[in-house]
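*Asks:* One structure follows; several queries about it will come next.
Nothing in this text is a laboratory measurement; each read-out follows from the coordinates by a stated rule. In this text the structure is predicted, and so the values were computed from the model without any measurement. Because the Cβ atoms are built from the backbone with ideal geometry, glycine has one as well, and the counts that use them run over all protein chains shown.
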Amino acid sequence: MLHTEIASLMNEKGKMYEWASKVDYKKSLSAEDKDISQVVDAWARNIGEKGSDPNLELSNFIVKIVNPEIYDVPDELLDAMFDRGSIGEFDDYKMNENPKNTLVAHDAAKGGNVEKSYIDVKAAAPVWKHKQVETEISYADLRRNGFKTVANLTVFAKEALQNKMFFDIFSQVDAAIAGGEQLINAGGSNLTTTAMDQLSLYLIDRGENPFTVSLSKYAQQIARMSGHAPYMSEEMKNNFNRYGLVDFYNGVRVGQISGAKRTGDDMQLLPDKRVFGIAGKIGALDMRGQVRVYETFDNQREQVQLKITGFEFGTAINKIDKIAKIVLT
């Protein structure tokens, strides 16, 4: 059974996931981290030796660590794009879209009547996605790698679910921008100042804290654009020299996602050949239910099978006018 000290640490917000991340990314461990590793190692090896987990401690461990990281930890980018919330597993909702002012003022005689005009209020239903991960771990791996197997599984499960959510959200944003002044064609494979100026103007006109999101290779192009350097502060120039990136372009914050960061099926988290512009909150992002983990032991194959399910999220975009994108060829 898990040591009571570890059980207590699991109740400290972020403590065990921080430990798992350090192990997974091979960072230096503190004395406390080493103590955690020693206890978890003995526990994991014991499961691998006996081929059983009668109290379902492995699945409970994953649920206890992964759920708070997915549902409770702020995400700066998604928090800037959506009003965040959570609802029960069997709940649903709709939200009203921001109506456009389509009332028409007519010339009229005093006391006369004119043609009526109307405000069109629509309800936007969220698009719900349910993600699930199934995997298996050999008893031999638990005996051989102990705490490392548990740490890797915990981090991989969390990242697999969150990365897929991120991919789906920006695929939805990409599909929502179909034409009009929100769709800016760069006219080639490289960004141009004309396209970036057009995007930044569109965003500034529609939001107080606009920002762009793109793969890091396009963020670097923004930093190196001709004519931009004279307007950079000394701190921005230092950041550019150190990282090849800038914080702002014409008053619009420049965000980036690493092209090396991918989903488990090797998809980049953002669509390629795109620079997305966001001019504030564009809708709602709600989590539904909680992650659940089921474990089944197969002594014939000497494996423990894990089913990680219940990760469900819904996005309702009701402010389409606050998003735009540059498309490259």
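*Asks:* Along the positive direction of the dipole of the stretch 158-205 (beta-carbon charges: Lys, Arg +1; Asp, Glu -1; about the Cα centre), which of Asn163, Ala178, Ser189 reaches farthest?
*Replies:* Selected residue: Asn163.
*Asks:* Please work out how much length the chain gains when fully extended from Asp197 to Asn152, using 0.36 nm per residue of separation minus the C-alpha to C-alpha distance, in nm with one decimal.
*Replies:* 11.8 nm
*Asks:* Here is a further query. To the nearest 10 degrees, how steeply does helix 193-204 sit against the main Cα axis of the chain, on a 0 to 90 scale?
*Replies:* It is inclined by approximately 90 degrees.
*Asks:* Please compute the modelled spin-label separation between Ser117 and Asp35, points set 7 Å along Cα→Cβ, answer in nm with one decimal.
*Replies:* My value for the distance between the label points is 7.1 nm.
*Asks:* Another question, if that's okay. For the stretch 136-212, count all C-alpha to C-alpha pairs, find those more than 18 Å apart, and express that count as a whole percent of the total.
*Replies:* So the pairs more than 18 Å apart make up 65 percent of the total in the stretch 136-212.
*Asks:* Find the eigenvalues of the gyration tensor of the Cα atoms of the stretch 1-108, then list the square roots of 5 times those eigenvalues as equivalent ellipsoid semi-axes, largest first, in whole angstrom.
*Replies:* Numbers: eigenvalues 456, 64, 20 Å².
Result for the stretch 1-108: semi-axes of 48, 18, 10 Å.
*Asks:* At a Förster radius of 22 Å, what calculated FRET efficiency corresponds to the Cβ-Cβ distance of Ile204 and Lys319, to the nearest 0.05?
*Replies:* E between Ile204 and Lys319, to the nearest 0.05, is 0.90.
*Asks:* Oh, and also: What is the distance, in nm, between label points placed 7 Å from the Cα along the Cα-to-Cβ direction at Arg301 and at Leu78?
*Replies:* The two pseudo-label positions are separated by 3.1 nm.
*Asks:* What nm distance separates the two modelled labels at Met267 and Lys13, each placed 7 Å from Cα along Cα→Cβ?
*Replies:* It is 3.2 nm.
*Asks:* Net charge near Glu89, counting Lys/Arg +1 and Asp/Glu -1 over other residues with Cβ under 15 Å of its Cβ?
*Replies:* Here the charged neighbours net out to 0.
*Asks:* Using only Cα atoms, figure out Rg for the stretch 252-329 and give it as a multiple of 2.2 N^0.38 Å.
*Replies:* 1.66
*Asks:* Using only Cα atoms, what Kirkwood radius does the chain have, in angstroms?
*Replies:* It works out to 23.0 Å.
*Asks:* Now for a different question. Taking chymotrypsin sites (Phe, Trp or Tyr not before Pro) as exposed when DSSP calls them loop (any state but H, G, I, E, B) and at most 11 other Cβ atoms lie within 10 Å, what is the longest stretch of the chain free of them, the sites themselves excluded?
*Replies:* That gives 119-329 as the longest site-free run.
*Asks:* Might you report the magnitude of the Cβ-based charge dipole of the stretch 180-329 about its Cα centre, with Lys and Arg at +1 and Asp and Glu at -1, to the nearest 20 debye?
*Replies:* Taking the Cα centre of the stretch 180-329 as origin, the dipole is about 100 debye.
*Asks:* Given charges of +1 on the Cβ of Lys and Arg and -1 on the Cβ of Asp and Glu, with all other atoms neutral, how large is the dipole of the chain about its Cα centre, in debye to the nearest 20?
*Replies:* I would put it at about 640 debye.
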